[in-house]
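Here's the structure, in structure tokens; my notes come after.
The values are calculated or read from the model by the stated rules, or taken from the named source; none is laboratory data. Small disclaimer: the values here were computed from a predicted structure and weren't measured. Cβ coordinates were reconstructed from backbone atoms using ideal geometry, including for glycine residues, and neighbour counts include every protein chain displayed. Only protein heavy atoms, including side chains, enter the accessible area calculation; ligands, DNA and RNA are left aside. Shrake-Rupley method; radii C 1.70, N 1.55, O 1.52, S 1.80 Å.
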Amino acid sequence: MNEKNVIGRELEGILHKPKRQLAMVFDLNKCLGCHTCAISCKRQWTREEGMEQQWWAVVNTQPGLGTPKNWESLGGGWDAKGEPRSSRIPTRDEFGDAWQFNKDEVFHGGKGKVTYLKPVTTQGEAPDWGPNWDEDEGGGEYPNSHFFYLPRICNHCTHPACLEACPRGAIYKRAEDGIVLINDKQCKGFRFCMEACPYKRIYYNHVRDVGQKCIFCFPRVEKGVAPACARQCQGRLRFVGYLDDENGPIHKLVHQWRVALPLHQEHGTQPNVYYVPPLSPPSVDINGRVDPSRPRIPTEYLEGLFGPRVREVLTLLEAEKAKKNQGQPSELMDLLIVYKWPNDIFPDFLRDPAEL
Ligand code: SF4
């Protein structure tokens, strides 16, 4: 990086440094893959024309190719020297089209007994990919097959590649809470942001010719209401709060207990969504003999997602779980269980959305 770039990058860092940072922690041990988060986000924000294929909050099955297809191999973000890594814009097909169904034929055409619901793409073709095409397939060999769910939203990164890639200056990080937003009056639909984001969490609205993505439900947050995905989450696994609030669950899980880890931190964008990695049962052989030294989900696979501290975190989680099982106190387990909802999970955003 030349001197001008270094100074420019430092200036950008100062300009984009928010006073506080809102963040989320997802406890993967509690996600049941019900997609209530995805549907609540969809109903709230992405129902307009041009947004049909947009899912700002998705829940992917791991191991799997995810949304968009094979997103982990598409590049983007920053390399070890802080230079942008090459990437490309995912296609609409890779995200997965919004399907139509032959409901009239099945429900009202008198053919209900001889036909069945068949999805077609907007081009009228049979789909060969969708936002959750490989749901529940997972990985591993019998009898050690395994999978877990990975909810994903925009990470509202501290060093957002999308923001720096935009030649229009349309993307900004809010000073008050670090939420990353796209100003759609400034956006001209160039899609450099879609290319640069290593998490591929920006969609293109082909009707309005703009990029669109998760807005951390800022209109709700400003009124003291939790983001829709977190409020509606059936597993109560989405913690929301400020990273610097030492009494809040986010600070405790990320900085005090250090059990919440960013996804693919090697991309260098410094995500503000963190994950408590999933525990798994031990492997068994074909005769059912248990091998306690080998967890069913290979630790190396989890390290590929959440980095080198995974092993240490899983050991701590197991130890605290064992304490709780033996009737001893465990502050960490109590925190993760969320005995008092919503106070324990998003204490700054308790207001009921029905009041709005
Ligand atoms: Fe930008 Fe992608 Fe980071 Fe969201 S996850 S702030 S879209 S780089």
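Here is how the numbers come out for the structure above:
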| read-out | value |
| --- | --- |
| So residue 174, is it charged (D, E, K, R) and within 14 Å of the ligand (Cβ to nearest atom) | yes |
| Exclusive hit being open to solvent by 70 Å² or more (accessible area, probe 1.4 Å) and touching a residue at least 60 places away in the same chain (Cβ under 8 Å), set 336, 350, 332 | 350 |
| Any hit, region 181-204, residues being farther than 25 Å from residue 88 by Cβ and either of a type in the set (Asp, Glu) or touching a Pro at 6+ places or on another chain (Cβ under 6 Å) (or both) | no |
| Region 131-169: number of residues that are open to solvent by 20 Å² or more (accessible area, probe 1.4 Å), touching a helix residue (DSSP H, G or I) at 6+ places or on another chain (Cβ under 7 Å) and free of Cβ contacts under 8 Å to residues at least 60 places away in the same chain | 2 |
| Residue selected from region 226-270 under the condition of a type in the set (Asp, Glu), more than 16 Å from the ligand (Cβ to nearest atom) and touching a residue at least 40 places away in the same chain (Cβ under 8 Å), by the criterion least open to solvent (accessible area, probe 1.4 Å) | 245 |
| Residue match in region 293-302 (condition: modelled with pLDDT of 95 or more, assigned to a helix (DSSP H, G or I) and open to solvent by 30 Å² or more (accessible area, probe 1.4 Å)) | yes |
| Enumeration of residues in region 123-150 that are touching a Lys or Arg at 6+ places or on another chain (Cβ under 6 Å) and either more than 25 Å from residue 29 (Cα to Cα) or among the aromatic types (Phe, Trp, Tyr) (or both) | 129 |
| From the options 93, 128, residue that is out of contact with any strand residue (DSSP E or B) (no Cβ under 7 Å at 6 or more places or on another chain), open to solvent by 20 Å² or more (accessible area, probe 1.4 Å), free of Cβ contacts under 8 Å to residues at least 40 places away in the same chain and in a loop (DSSP other than H, G, I, E, B) | 128 |
| Tally of residues being open to solvent by 50 Å² or more (accessible area, probe 1.4 Å) and among the aliphatic types (A, V, I, L, M) across region 271-292 | 2 |
| Residues (within 11 Å of the ligand (Cβ to nearest atom) and hydroxyl-bearing (Ser, Thr, Tyr)) located in region 177-212 | 199, 203 |
| Residue match in region 213-225 (condition: within 14 Å of the ligand (Cβ to nearest atom), under 21 Å from the mean Cα position of the chain (by Cα) and not in a loop (DSSP other than H, G, I, E, B)) | yes |
| Subset of region 139-171 (residues that are in contact with a Gly (Cβ under 7 Å, 6 or more places away or on another chain) and away from the ligand (no atom under 15 Å from the Cβ)) | 145, 146, 147, 149 |
